[in-house]
Amino acid sequence: MKTPINVVVCDDHALFRKSVTGLLNTFERITCISDVANGKELITEMHGGLSPSVVLMDIKMPVMNGYETAYYLKENFPAVKILAMSIYDNDYAIEEILACGADAFVSKDADPNDVYDAIIGLHDKGRYMTKWMKQNKKRLLGLQRLTPRERELLSLFCSEKSYAEISQTLHISLKTVDRYRDEVFKKMKVKSRLNLVLFAIQNGIVV
């Protein structure tokens, strides 16, 4: 008999979260042992003893988003497999969530059987290429990913801090801040700080 799979659904939209939980519980081998509204709730429950094999997790969430959560889980609960999901299937969001530690990505409009196959694949084989990932493999491989330092600067660029204040916060020169800004703008394909903030909100980097 094949091993049962304990799954946690992590999404800030209660109706969607409860619907997915109910649906997954109808599949063979899968049991949803909890559903939570954000990464902070998930991590709190896991430190309290919750032990999922797979986490089905939205990218864009308040309090603690999918990027932060994926990174934390891979650092502290490396055995847990992460299946990221989002209504936004743009290049940046998916490449970034995979870089942060997610094991696979599935669009929220995917067929339920594809989600089931992904969960089974991640649990049984440790990795899985969803249909979306296979169809978009070439364009994902062609993306320019942000470095960890650039990701840190991106968040600061989306804050209310001036460039001078960012310089003081990180103890780097204003010229260095400008150089990072130009590189982030180039990779994100934006031309202004306002456009960068809008991009970050759309992709769940900031709320």
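The values are calculated or read from the model by the stated rules, or taken from the named source; none is laboratory data. Just so it is clear, the model here is predicted, and its values are computed rather than measured. Positions of Cβ are generated from backbone atoms using ideal geometry, with glycine treated the same way; all protein chains shown enter the neighbour counts.
State whether the residues of segment 110-120 include one that is touching a residue at least 12 places away in the same chain (Cβ under 8 Å), charged (D, E, K, R), surrounded by fewer than 17 Cβ atoms within 10 Å (Cβ to Cβ) and within 29 Å of LEU146 (Cβ to Cβ).
Yes, some residue in segment 110-120 is touching a residue at least 12 places away in the same chain (Cβ under 8 Å), charged (D, E, K, R), surrounded by fewer than 17 Cβ atoms within 10 Å (Cβ to Cβ) and within 29 Å of LEU146 (Cβ to Cβ).
Could you please let me know if GLU68 is within 15 Å of the chain's Cα centre (by Cα), crowded, with 17+ Cβ neighbours inside 10 Å and under 25 Å from PRO148 (Cα atoms)?
Yes; evaluated as a whole, the condition is true for this residue.
Only one residue in VAL36, VAL54, VAL63 is in the same structural domain as LEU98 (by TED's automatic domain parsing) and in contact with a Gly (Cβ under 8 Å, 6 or more places away or on another chain). Which one?
Only one candidate qualifies: VAL63.
Could you count how many residues in segment 1-51 are aromatic (Phe, Trp, Tyr) and buried (at least 17 other Cβ atoms within 10 Å of the Cβ)?
1
So, in segment 71-90, exactly how many residues are acidic (Asp, Glu) and either closer than 15 Å to THR130 by Cα or under 11 Å from the mean Cα position of the chain (by Cα) (or both)?
1
Just wondering, is there one or more residues in segment 36-53 that are of a type in the set (Lys, Arg) and farther than 22 Å from LYS131 by Cβ?
Scanning segment 36-53, I find at least one residue that is of a type in the set (Lys, Arg) and farther than 22 Å from LYS131 by Cβ, so the answer is yes.
Residue by residue through segment 83-97, note down the ones that are out of contact with any helix residue (DSSP H, G or I) (no Cβ under 8 Å at 6 or more places or on another chain) and either assigned to a helix (DSSP H, G or I) or not assigned by TED's automatic domain parsing to the domain that holds ILE120 (or both).
Of everything in segment 83-97, just one residue is out of contact with any helix residue (DSSP H, G or I) (no Cβ under 8 Å at 6 or more places or on another chain) and either assigned to a helix (DSSP H, G or I) or not assigned by TED's automatic domain parsing to the domain that holds ILE120 (or both), namely ALA93.
Scan segment 152-206 residue by residue and report those that are closer than 23 Å to TYR71 by Cβ and of a type in the set (S, T, N, Q).
SER155, SER159, THR169, GLN202, ASN203
Got a sec? Which of VAL63, VAL7, VAL80 is in contact with a helix residue (DSSP H, G or I) (Cβ under 8 Å, 6 or more places away or on another chain) and at positive phi?
VAL63
Taking the conditions exactly as written (out of contact with any helix residue (DSSP H, G or I) (no Cβ under 9 Å at 6 or more places or on another chain), at pLDDT 85 or above and either in the same structural domain as ASP58 (by TED's automatic domain parsing) or not in a loop (DSSP other than H, G, I, E, B) (or both)), does ILE120 satisfy them or not?
In short, yes.
Looking at segment 190-204, can you tell me whether even one residue there is charged (D, E, K, R), touching a helix residue (DSSP H, G or I) at 6+ places or on another chain (Cβ under 8 Å) and modelled with pLDDT under 80?
Within segment 190-204, not a single residue is charged (D, E, K, R), touching a helix residue (DSSP H, G or I) at 6+ places or on another chain (Cβ under 8 Å) and modelled with pLDDT under 80.
Restricting to segment 166-180, and then to whatever is within 29 Å of the chain's Cα centre (by Cα) and of a type in the set (Ser, Thr, Tyr), can you tell me which residue is surrounded by the most Cβ atoms within 10 Å (Cβ to Cβ)?
Among those that are within 29 Å of the chain's Cα centre (by Cα) and of a type in the set (Ser, Thr, Tyr), it is TYR180.
Scan segment 16-30 and report the pairs whose first residue is in contact (Cβ under 8 Å) with a residue 24 or more places away in the chain and at positive phi and whose second residue is of a type in the set (Val, Ile, Thr) and assigned to a helix (DSSP H, G or I), with Cβ atoms within less than 8 Å and a gap of 6+ or a chain change.
Within 8 Å, the pairs are ARG29/ILE120.
Might you check whether a residue that is touching a Phe, Trp or Tyr at 6+ places or on another chain (Cβ under 8 Å), in a strand (DSSP E or B) and among the hydrophobic types (A, V, I, L, M, F, W, C) occurs anywhere in segment 30-39?
yes
Is it the case that segment 58-73 has a residue that's in a strand (DSSP E or B) and either in contact with a His (Cβ under 6 Å, 6 or more places away or on another chain) or not charged (D, E, K, R) (or both)?
For segment 58-73, residues in a strand (DSSP E or B) and either in contact with a His (Cβ under 6 Å, 6 or more places away or on another chain) or not charged (D, E, K, R) (or both): absent.
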